[in-house]
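This report concerns only the one structure given below.
The values are calculated or read from the model by the stated rules, or taken from the named source; none is laboratory data. Since the structure is predicted, the reported quantities are computational estimates derived from the model, not experimental observations. Neighbour counts run over all protein chains shown; Cβ positions are idealised from the backbone, glycine included.
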Amino acid sequence: MGLDPGTGSRVYDGAMRRLIRLVTAFSLAGLPFVSTVAGAQQHPAMPPGMTHEEHMAQMKKEAEMKQHGQMAMGFDQDKATHHFTLTADGGAISVSTNDAADQTTRDQVRSHLQEIAQSFGQGDFQKPLMTHSEMPPGVATMQRLKTAITYTFEATERGGVVRIATSNADARDAIHDFLRYQIKEHATGDPVTVQK
């Protein structure tokens with residue numbers, strides 16, 4: 001017989017239980033740190049005054065909008081930045097690539113903006129519906145008054161802009177409602193008042 005007490009002995013079983021408890025304790029002790037670091041990388045800090053449930057719902061909605069937006073617009077939403085401007089005669093939708101060297105996304109942005117200039121002019125707002133899973137405010141009036149509104153695409157260095165113009169007060173109000181909704185939904189931080 002050797003010195004090995006064997007796997008069935010009380011000495012071996014007791015030593016293994018102590019070793020398993022020790023490994024488990026060290027593993028669990030590190031979890032709060034790991035989850036805190038991982039959580040910080042997964043999503044932004046919770047805005048003041050918002051409950052955890054509200055923050056989680058907001059993040060879910062933003063993730064869905066990005067996924068739907070990529071399908072509707074044809075480009076990765078994280079590779080471009082949207083801006084919406086209210087003007088005295090309507091407003092503008094501009095999208096630019098985040099990386100000046102990203103010609104693929106730039107071309108996809110331009111294609112999308114050309115498409116919406118044409119489709120909005122025809123009263124077709126399916127892309128915003130696809131992106132936001134609801135029809136944005138102002139659309140019904142913009143559809144009804146489509147002949148009173150012009151949509152003009154212009155290429156920019158990193159993407160493009162669609163200028164929306166009208167001399168009709170009801171159409172202008174509807175355009176502003178539509179753009180304010182976009183500012184809120186895309187969280188652009190753009191002013192929600194008329195800019196010169």
Identity of the residue in region 130-143, surrounded by 14 or more Cβ atoms within 10 Å (Cβ to Cβ) and under 20 Å from the mean Cα position of the chain (by Cα), that ends up farthest from Asp78 (Cα to Cα): Pro137
Residue that is surrounded by the most Cβ atoms within 10 Å (Cβ to Cβ), among those in region 179-196 that are of a type in the set (Val, Ile, Thr) and under 22 Å from Glu115 (Cβ atoms): Ile183
Which listed residue is in contact with a helix residue (DSSP H, G or I) (Cβ under 9 Å, 6 or more places away or on another chain), closer than 15 Å to Thr87 by Cα and surrounded by 20 or more Cβ atoms within 10 Å (Cβ to Cβ), from Ala165, Ala171: Ala171
Pick from region 124-172, criterion small (Gly, Ala, Ser), assigned to a loop (DSSP other than H, G, I, E, B) and modelled with pLDDT of 95 or more, ranking: nearest to Ile93 (Cα to Cα): Gly138
So His176, is it buried (at least 16 other Cβ atoms within 10 Å of the Cβ) and closer than 18 Å to Asp76 by Cα: no
Exclusive hit being surrounded by fewer than 20 Cβ atoms within 10 Å (Cβ to Cβ), more than 19 Å from the chain's Cα centre (by Cα) and within 22 Å of Asp177 (Cβ to Cβ), set Lys127, Lys146: Lys146
